[in-house]
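Bear in mind these aren't lab numbers, they're just calculated from the coordinates by the rules spelled out. No experiment lies behind these values; they were computed from the predicted model shown. Glycine also receives a Cβ, built like all others from the backbone with ideal geometry; neighbour counts cover every protein chain displayed.
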Amino acid sequence: MIGDRQVIVARRQTAPGLGLWQRLRSDRYAYLVLPAPAVALILLMMVFPVGYTGWISLHDWSVGDPTSPRFVGLANYGQLLTGDSRFLRATLNTASFTLASVAIEFGLGFAMALVFSRPFRGRGIARTAFLLPMMATPVATSLVWLMMFNPTAGLLNFLLTSAGLPPSLWVADPRLAMPSLVLVDVWHWSPLIMLILLAGLAALPRDPYESAMIDGASSLQQFRYLTLPLVRPAIVVALLFRAVDALKTFDTIFVITGGGPAYATETLSIYAFSTGFLYFNMGYASAMLVILFALVLVLCLALLRFRRSGS
């Protein structure tokens with residue numbers, strides 16, 4: 001048996017004319033061959049669009065212009081950062097929408113997760129009911145909320161007038177449009193925060209809590225010194241998912257306000273869409289998308305760094 005193995009090894013080492021394909025098919029290179037299709041698909045679906053968008057952002061290209069794109073270098077970025085007040089306002093709108101939505105969703109989601117992590121009668125039915133908003137598509141929920149925001153026939157103004165309060169313009173008022181969009185986003189995505197944190201709370205070990213109870217720690221002390229540090233990975237995942245999604249929110253804002261009134265709810269996604277597909281300035285719109293991609297990347301790296309600092 002040992003002699004046969006030595007002969008096989010010697011034949012593998014001395015086999016003449018062993019081509020590249022035969023070597024790749026061997027078990028020795030399986031770790032390269034097997035993931036190759038997935039890696040190629042990722043490069044095709046992710047890396048290429050990002051690189052192409054970056055290349056277009058360095059050109060002055062209008063879709064209606066029959067000439068080829070004209071290379072302008074960083075001129076589009078210079079105009080965005082120094083001479084475009086609408087871009088600055090869209091950036092501020094994006095930041096305010098993201099901060100307000102994620103902060104409120106995290107607070108409500110964490111509170112609901114703490115409630116549903118404890119057993120009580122009807123917990124399964126109540127938990128399912130709280131998850132229902134997340135199941136609907138953003139466009140469908142936005143259309144429903146748009147009807148509810150209607151100043152003349154909407155449900156919200158009906159409730160206000162029934163309670164003896166004056167009606168509101170809601171999304172037609174520049175001062176209330178952004179808070180109204182935050183309300184829609186909070187209603188739609190708070191269950192996602194709850195679901196992620198509920199999974200993190202369910203995986204917590206019981207031994208540290210039993211030791212803390214024996215030592216006389218109060219419920220507030222257990223929450224501060226045990227629950228928060230132990231559930232920190234789930235918190236980072238929830239914040240990462242929602243913050244990235246809120247930064248690039250398009251469908252809800254486009255359906256309800258379209259960026260108005262008076263650009264009060266125009267975010268970077270809405271501004272890039274109107275620049276590229278309404279004014280056909282693809283180079284300028286691509287520069288906005290590159291900046292938005294950079295903001296998302298910086299946010300992801302910051303949250304991942306926060307995650308590592310607590311591990």
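For the chain, the spread of Cα positions along the three principal axes, ordered from largest to smallest, is 97, 76, 33 Å. Projecting the Cα atoms of THR137, LEU201, TRP189 onto the charge dipole of segment 114-220, computed from C-beta unit charges around the Cα centre, puts THR137 farthest toward the positive end.
With K and R counted +1 and D and E -1, the other residues having a Cβ less than 13 Å from that of LEU198 yield a net charge of +3.
A simple spin-label model places pseudo-atoms 7 Å from Cα toward Cβ; at THR128 and TRP187 they are separated by 2.3 nm. The residues neighbouring GLY258, those whose beta-carbon lies less than 12 Å from its own, together hold a net charge of -2 under the Lys/Arg +1, Asp/Glu -1 convention. Placing a label point 7 Å from the Cα of PHE241 along the Cα-to-Cβ direction, the residues of segment 188-211 with a backbone N closer than 13 Å are 189-201.
Ordered by the count of other Cβ atoms within 10 Å of each Cβ, fewest first, THR94, THR265 give THR94, THR265. The gain in end-to-end length when the MET213 to LEU176 segment is fully stretched comes to 8.6 nm, 0.36 nm per residue minus the alpha carbon separation. Remark: relative contact order (segment 86-309) = 29 percent; criterion is Cα-Cα distance under 8 angstrom and separation of 6 or more residues.
Evaluated with a Cβ-only charge set (Lys, Arg +1; Asp, Glu -1), segment 86-309 carries a dipole of roughly 360 debye about its Cα centre, given to the nearest 20. Extending 7 Å from the Cα toward the beta-carbon at both ARG89 and VAL298 defines two label points whose distance is 2.2 nm. Under the simplified labelling scheme, the ARG305-VAL63 pair shows an inter-label distance of 3.8 nm, with each label point 7 Å from Cα along Cα→Cβ. Filter the chain for me: DSSP H helices, axial length by Cα at least 24 angstrom, mean Kyte-Doolittle hydropathy not below 1.0. List them by residue number. TM-like helix candidates: 85-116, 177-202, 282-309.
Taking the centroid of alpha carbons for each part, segment 81-140 and segment 211-230 are 28 Å apart.
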